[in-house]
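Q: The structure follows.
The values are calculated or read from the model by the stated rules, or taken from the named source; none is laboratory data. Just so you know, these numbers come straight off a predicted model, no measurement behind them. Cβ coordinates were reconstructed from backbone atoms using ideal geometry, including for glycine residues, and neighbour counts include every protein chain displayed. Note: accessible area is taken over every heavy atom of the protein model, side chains too, but ligands, DNA and RNA are not part of it. Shrake-Rupley method; radii C 1.70, N 1.55, O 1.52, S 1.80 Å.
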Amino acid sequence: MADKEKDKKATPAAKKAAPAKATAAKTTTAKASAKPAAAKAKAPAKRAVARPITRVVRPPEPREERRAREEQERRETPRPRAEARPLPTAPAGHAPVIKADGTSDGSVELPAAIVSPTKRRGVLFQALLASLANKRQGTSATKNRARVAGGGAKPWRQKGTGRARQGSTRSPQWRHGGVVFGPNGRRYKQRMPAKMRHAAFAEALAAQAANGRMLVVDELRFDGDRPRARDVVEWLARVGETGRAVLVTAETDERVGRATANLKQFDLRTPGTLRLEDILRAQTVLVLRPALDGLAARATVGSAE
């Protein structure tokens, strides 16, 4: 009954609005369902974008650990070394002859001054000490109170201060003062007679020749105007296991000297510049054939320098 009364009370305008609302609702639903379809149709195709590579940042390895690891790897995988080639041999009183390519070709007789020198007891040791002493410069020096700058004024008056009398602030008892009995230059030079020097030089060469460590080079030839250190090293390897070597040439060779300037186990000398220390320190003495007579003249006792 109540519903019927409500329907009766409803106005005609309300009755007309009800169908209109239903129609609008249907239209809105249809539009809402059509929007996704239109959106799907109008949406552009997606592009393939490469993703950035994710990198893991690791903390740097400490320097000490890296060095220890590299040292361990180096010890585990050592570099291959060439087999040591023995030096050529020659009969007593002779020296092997080395050709330009580093191979051996016979032998040559050494001068009598080198093979059988006059032996004098203790001369070699005395000559070595004299040679080492003559190398010392002795230029160390200190300043006494006369050489120190300043100190001309008397620090205080002679009497009446209750302190000890002082004449200069550069006295030895003052800070920044002069040095008492300090070194002011010294000579370490030792003189030896020429006969003793020649005898010691000959004994050193004779010891190298007796041990088979003296070789005579027939010719020294390298490719190009400016030989390199690697060329000299390869030539020494072809000669044999020379170790620390000294090469004696008749004249100064700037080309070879420039190439061997950085080699620690190789020295280049002439008969006049060859020192006793060079012979005793070297393991192999290489002598060019033209320089052999110069060495023999220097090893002769009684010869003039």
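Q: Heads up, I need the accessible area for residue 180: 1.4 angstrom probe, whole protein in place, Å², nearest 10.
A: So the heavy atoms of residue 180 present about 80 Å² to solvent.
Q: Here's something else I'd like to know. With a Förster radius of 30 Å, plug the Cβ-Cβ distance of residue 120 and residue 244 into 1/(1 + (r/R0)^6) and report the FRET value to the nearest 0.05.
A: Details: r = 27 Å, r/R0 = 0.89.
Working from the Cβ atoms, E equals 0.65.
Q: Follow-up. So what is the diffusion coefficient of segment 114-186 in µm² per second by Stokes-Einstein at 25 °C and 0.890 mPa s, using a Kirkwood Rh over Cα pairs?
A: D, rounded to a whole number, is 146 µm²/s.
Q: Over 29 Å between C-alpha atoms is what I'm after, so list which of 195/264; 143/189; 119/264; 143/264; 99/264 land there. Write out the running numbers ahead of the final one.
A: Details: 195/264 32 Å; 143/189 24 Å; 119/264 32 Å; 143/264 39 Å; 99/264 24 Å.
Result: 195/264; 119/264; 143/264 exceed 29 Å.
Q: Another question, if that's okay. How would 70, 254 line up by accessible area, probe 1.4 Å, largest first? Could the numbers behind the result be given before it?
A: Working: 70 95, 254 130 Å².
So the residues, ranked largest to smallest area, are 254, 70.
Q: Using a 1.4 Å probe and counting only protein heavy atoms, arrange 176, 198 so the residue with the most accessible area comes first.
A: Working: 176 125, 198 5 Å².
Solvent-accessible surface, decreasing: 176, 198.
Q: Round to the nearest 10 and report in Å² the accessible area of residue 135, as given by a 1.4 Å probe over the protein chains' heavy atoms.
A: 110 Å²
Q: Go ahead and run the numbers for FRET between residue 186 and residue 281, Cβ-Cβ distance against an R0 of 41 Å, rounding to 0.05. Before the final figure, lay out the partial values.
A: Numbers: r = 26 Å, r/R0 = 0.64.
About 0.95, to the nearest 0.05.
Q: Taking the dipole about the Cα centre of segment 145-260, with the C-beta of Lys and Arg at +1 and of Asp and Glu at -1, give me whichever of 153, 222, 196 is farthest to the positive side.
A: Of the options given, the answer is 153.
Q: Could you put 235, 174, 156 in order of accessible surface area, largest first, with the 1.4 Å probe and the full protein assembly present? Display every interim value, and only then the final one.
A: Details: 235 5, 174 75, 156 55 Å².
Descending order: 174, 156, 235.
Q: Could you work out the equivalent-ellipsoid semi-axes for segment 74-144, taking the square root of 5 times each eigenvalue of the Cα gyration tensor, largest first, in whole Å?
A: Working: eigenvalues 301, 178, 30 Å².
Calculated on Cα positions only, the semi-axes equal 39, 30, 12 Å.
Q: Work out the length of the dipole vector of segment 212-252 about its Cα centre, built from +1 on the beta-carbon of each Lys and Arg and -1 on the beta-carbon of each Asp and Glu, and round it to the nearest 20 debye.
A: On the way: 7 positive and 8 negative charges, 45 e Å.
Dipole size: approximately 220 debye.
Q: Determine the per residue accessible area of segment 183-305 with all protein chains present and a 1.4 angstrom probe, expressed in square angstrom.
A: Values: 6750 Å² over 123 residues.
Result: 55 Å² of accessible area for each residue.
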